[in-house]
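Written out below as structure tokens is the structure these notes cover.
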Amino acid sequence: MPEKFVPEQYETDAWGMSHFFDGVQHEHYSQLRKALYDLLGRRGYFRYNSGERTLGEKQQQQIASIFKRFGYDNPPAFDHYVKVLQLPF
């Protein structure tokens, strides 16, 4: 009889971007914001910022790579992080 137990796997999701642009040079601000809108959608950006939705680890990595493209080696810090159980279905 096959075992039906699946081990728990967690992911660290994030939300809130109120300090994203604190260390960003003025000349990069609009381009970075546009790149985030392109990735998340304009509505999506505000939903992730307000906490209505959370960003998964893959999306966080994509955002970090956008900042890296503009020469910012440290990924931006989110306001909140939460561990989320990943369901296998």
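The values are calculated or read from the model by the stated rules, or taken from the named source; none is laboratory data. Not measured: the values here are computed from a predicted model. When we count neighbours, we look across all protein chains shown, and the Cβ atoms used for this are built from the backbone with ideal geometry, even at glycine. In case anyone asks, the SASA skips ligands and DNA or RNA and just uses the protein heavy atoms, side chains included. Shrake-Rupley method; radii C 1.70, N 1.55, O 1.52, S 1.80 Å.
For the subset of segment 75-89 comprising residues that are out of contact with any strand residue (DSSP E or B) (no Cβ under 7 Å at 6 or more places or on another chain) and open to solvent by 100 Å² or more (accessible area, probe 1.4 Å), which member is modelled with the highest pLDDT? Filtering first and then ranking leaves Leu87. Can Tyr72 be described as in contact (Cβ under 8 Å) with a residue 12 or more places away in the chain and either under 28 Å from Glu8 (Cα atoms) or in contact with a strand residue (DSSP E or B) (Cβ under 6 Å, 6 or more places away or on another chain) (or both)? Judged against the criteria, Tyr72 is not a match. Reported count of residues in segment 10-28, each being more than 12 Å from Tyr72 (Cβ to Cβ) and open to solvent by 30 Å² or more (accessible area, probe 1.4 Å), is 8.
Pairs are defined by a Cβ separation below 6 Å, a sequence spacing of at least 6 or placement on different chains, a first member in segment 42-59 that is farther than 15 Å from His80 by Cβ, and a second member that is of a type outside the set (Asp, Glu) and in a helix (DSSP H, G or I); the pairs so defined are Tyr45/Leu36; Tyr45/Tyr37.
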